[in-house]
1. Given the conditions (1) assigned to a loop (DSSP other than H, G, I, E, B); (2) modelled with pLDDT of 95 or more; (3) among the polar types (S, T, N, Q); (4) surrounded by 12 or more Cβ atoms within 10 Å (Cβ to Cβ), which single one is not true for residue 69?
2. Which condition from (1) more than 17 Å from residue 9 (Cα to Cα); (2) open to solvent by 20 Å² or more (accessible area, probe 1.4 Å); (3) of a type in the set (Val, Ile, Thr); (4) modelled with pLDDT of 95 or more is the one that residue 93 breaks?
3. Tally time: how many residues in region 43-66 are open to solvent by 30 Å² or more (accessible area, probe 1.4 Å) and not in a strand (DSSP E or B)?
4. Filter region 1-42 for residues that are within 14 Å of the chain's Cα centre (by Cα) and of a type in the set (Val, Ile, Thr); which is most open to solvent (accessible area, probe 1.4 Å)?
5. Can you give me the number of residues within region 72-89 that are open to solvent by less than 80 Å² (accessible area, probe 1.4 Å) and aromatic (Phe, Trp, Tyr)?
Amino acid sequence: QVQLVESGGGLVQAGDSLRLSCVLSGRTVSSTNMGWFRQAPGKEREVVATIRWSGASTYFADSVKGRFTISREYAKNTVYLQMNSLKPEDTAVYYCAAQEYPSSSVRRESYKYWGQGTQVTVSS
């Protein structure tokens, strides 16, 4: 059974940093394409960043390029989202997701497994 558990969200001020963690169980991050998505109130869930199982390729939404990074730690079977220079518009519930089979798509429909989400609130 595949499970994802996010942590690390919170309330911060604009310009601050946060690191989100996602612990994967039932699969290994070394063999799974992983992604971070977010959903703000009244908006669609959107992709933030993805990393392929090989680690050779990452994707970032234009809105977070240069500010966010995605990484993995094999020993902890964990994926991280490092968020720097946070802005109020980054406020959302952040979800970690995993694909069942490797796909180059970054669309949320290509991700089968989802965590419960962690709230990130950035005050101005």
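1. All conditions are met except number (1).
2. Condition not satisfied by residue 93: (1).
3. Final tally of qualifying residues: 13.
4. In this case the residue turns out to be 5.
5. Of the residues in region 72-89, 1 are open to solvent by less than 80 Å² (accessible area, probe 1.4 Å) and aromatic (Phe, Trp, Tyr).
The values are calculated or read from the model by the stated rules, or taken from the named source; none is laboratory data. Treat the numbers as computed from the prediction; the structure is a model and nothing was measured. Using ideal geometry, Cβ is built from the backbone for each residue, glycine included, and neighbour counts are taken over all protein chains shown. Please note that ligands, DNA and RNA were not included when accessible areas were found on the heavy atoms of the full protein model with its side chains. Shrake-Rupley method; radii C 1.70, N 1.55, O 1.52, S 1.80 Å.
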